[in-house]
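Here's the structure, in structure tokens; my notes come after.
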Amino acid sequence: MSYEVFARKYRPQTFDDLVGQAHVSRTLKNAVAQNRLAHAYLFVGPRGIGKTSTARILAKSLNCIHGPTVTPCGVCDNCREIAAGNSLDVIEIDGASNNSVEDVRQLRDNVRYAPAKGRYKIYLIDEVHMLSAQAFNALLKTLEEPPAHVKFIFATTEPQKVLPTILSRCQRFDLHRIPANLIAQHLQFIAGKEKITLEPAAAHAIARGAEGGLRDAESMLDQLVAFCGEKIGESDVLNVFGFTSEQTVVELTGRILQGETPATLELLYEQSENGKDMMRLMSDLIVYLRDLLVFKAKPDAVKEDVDPDLQKSLTAHAGLIATDRLLELIDQFAAAEGRMKWAPNKKLHFEVAIIKAIQSLGQATLDEVIEKLGELRNGKTVSQKESPSVAAGVSPASQNAAAGPAATTATRVAETAPPDEPYSIELWQKILAKIPVKGFLRTLSESIRPIGIDGRNFLLGHSPDDKSKIEALASANNRRQLEMLLKEATGRDWSVKFVAKDGIPPSSAVDAAKSAQSFKDDPLIQEALEMFNAQIKS
Ligand SMILES: [Zn+2]
């Protein structure tokens, strides 16, 4: 038997065989079952995702001798001829090469004749957007008043190039890119039938490389079988196609997010030395960052596209970067990708993009600038009131150091209560009385409670569930204000420490609304709103 490529051999034969297009097959099946058929259908979507296959299955459904049926038998003459592409009643036209008005005129003349064997005469026009304007107009005449025995099925990758008058006469179906997990599953199905051992990681690497196109994935599998024989591992896929492993992309992202410029560049160098395709790596990186963005917004949304291992790395990376920063990063890399396309030295552009990205991650965001401005403003009063301590030999730098990032690091303390707890509670009551009833500081103070004193450290506990909230609220400014209030009350220097502690109830959901309100009530925010004549959208 002659060799048949997988894409052809495993071409879907029924609606249920279609991979990843359930929304289309369900609607078409219902239409056929209820005999509510349109005169013209338009299948839209990128190449290699099943437009022509869907069209042929629909044609079989209509013309099968047992039809119209949602389950064409596949063995009658009509079904077999349609599957083989030589049915007299199903006329397949490639819009790219038969785009002249002459071709369409010929079609119009033939439309009048009844079908030879089947129920319908079906015109399948692929790449319909390639038809010339005159050809479109000629076609339109037929579409306006089609004979009852005629059905049109159009397919296109570029619907925006199809005349609106044609579009409006078609039932349109948008076929989707197929999720990587579904493609990987289908590849395993083929591998099983062909007695090929395909590592799951290899299947996933192919699926990622195919970018949602099933036909491409099948062709890649063909190539791999020719190259490696019956056992295909992930490294085979990566080597044959110059892909970078998912693990490497994860590693690269991790190093970028942690701001490790030398280590990131080193990894890039390794990849380039190993002959990896830099364009591909860049697009993989962007895809991963995009997944991360989606994951941050809605963790469930990427489930279909990524395997469980990758979900773990997404979870880890999501905590390392804020959403607005991530958007910026994607923008930067997308721009770099555009520059790389035409550049002879792609690696150079990649390196520059990485260095810039890491640099920009170290720069302040608008939110941080606003906070810093606030600190500056309050700073005046701070320095006046603190001048005695400066005179006493405590330099502002050392105070800053105490209030620096190290102080925010929430440390879990032993469950035994530190000494001086009653005193700290009493002191805290005095502090609370002085905190303004609105603003960030109030929200913060309501989510924490005193748990003791340790030397010059005033320990404030919070629920482990509130960790990220506390980190956000415990700005240097807020900490300094608390320390100031403590000093006013006691006459000595303090350093506040936030500690995650089991047993403290998390601030409830009701507080979320409260904190949104306190955000709006914060004097600084109000001032900013006035300054920009702005409003807060809820
Ligand atoms: Zn049949």
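Ile536 falls short of the stated requirement of being modelled with pLDDT of 80 or more, in a loop (DSSP other than H, G, I, E, B) and either surrounded by fewer than 21 Cβ atoms within 10 Å (Cβ to Cβ) or not aliphatic (A, V, I, L, M) (or both).
If only residues of the stretch 18-30 that are free of Cβ contacts under 8 Å to residues at least 40 places away in the same chain and assigned to a helix (DSSP H, G or I) are counted, the one that is nearest to Ala84 (Cα to Cα) is Ser25. Being buried (at least 18 other Cβ atoms within 10 Å of the Cβ), of a type outside the set (Gly, Ala, Ser), out of contact with any Asp or Glu (no Cβ under 7 Å at 6 or more places or on another chain) and in contact (Cβ under 8 Å) with a residue 40 or more places away in the chain is a description that applies to Phe152.
Among the residues making up the stretch 66-97, those that are within 10 Å of the ligand (Cβ to nearest atom) and either touching a residue at least 40 places away in the same chain (Cβ under 8 Å) or under 19 Å from Thr156 (Cα atoms) (or both) are Gly67, Thr71, Pro72, Gly74, Asp77, Asn78, Ala83. Within the stretch 419-471, the set of residues being in a helix (DSSP H, G or I), of a type in the set (Asp, Glu) and more than 41 Å from the chain's Cα centre (by Cα) comprises Glu421, Glu426. The single condition from (1) at pLDDT below 80; (2) surrounded by fewer than 17 Cβ atoms within 10 Å (Cβ to Cβ) that Asp103 fails is (2).
Residues of the stretch 195-221 that are surrounded by fewer than 16 Cβ atoms within 10 Å (Cβ to Cβ) and assigned to a helix (DSSP H, G or I): Pro200 alone.
Answer yes or no as to whether Tyr113 is in contact with a Lys or Arg (Cβ under 8 Å, 6 or more places away or on another chain), farther than 30 Å from Leu182 by Cα and surrounded by fewer than 18 Cβ atoms within 10 Å (Cβ to Cβ). Against the criterion (in contact with a Lys or Arg (Cβ under 8 Å, 6 or more places away or on another chain), farther than 30 Å from Leu182 by Cα and surrounded by fewer than 18 Cβ atoms within 10 Å (Cβ to Cβ)), Tyr113 qualifies. Taken over the stretch 257-268, the criterion of being in contact (Cβ under 8 Å) with a residue 24 or more places away in the chain and within 21 Å of Asn239 (Cβ to Cβ) is satisfied by Leu268 alone. Search the stretch 364-378 for residues that are within 12 Å of Ala528 (Cα to Cα) and pair each with any residue that is of a type outside the set (A, V, I, L, M) and modelled with pLDDT of 75 or more when their beta-carbon atoms are under 7 Å apart and the residues are at least 6 apart or on different chains. Correct list of pairs: Glu371/Ser475; Glu371/Asn477; Gly374/Asn477.
The values are calculated or read from the model by the stated rules, or taken from the named source; none is laboratory data. For clarity, every value in this text was computed on a predicted model and none was experimentally measured. Methodologically, a virtual Cβ is constructed for each residue, glycine included, from the backbone with ideal geometry; neighbour enumeration extends over all protein chains shown.
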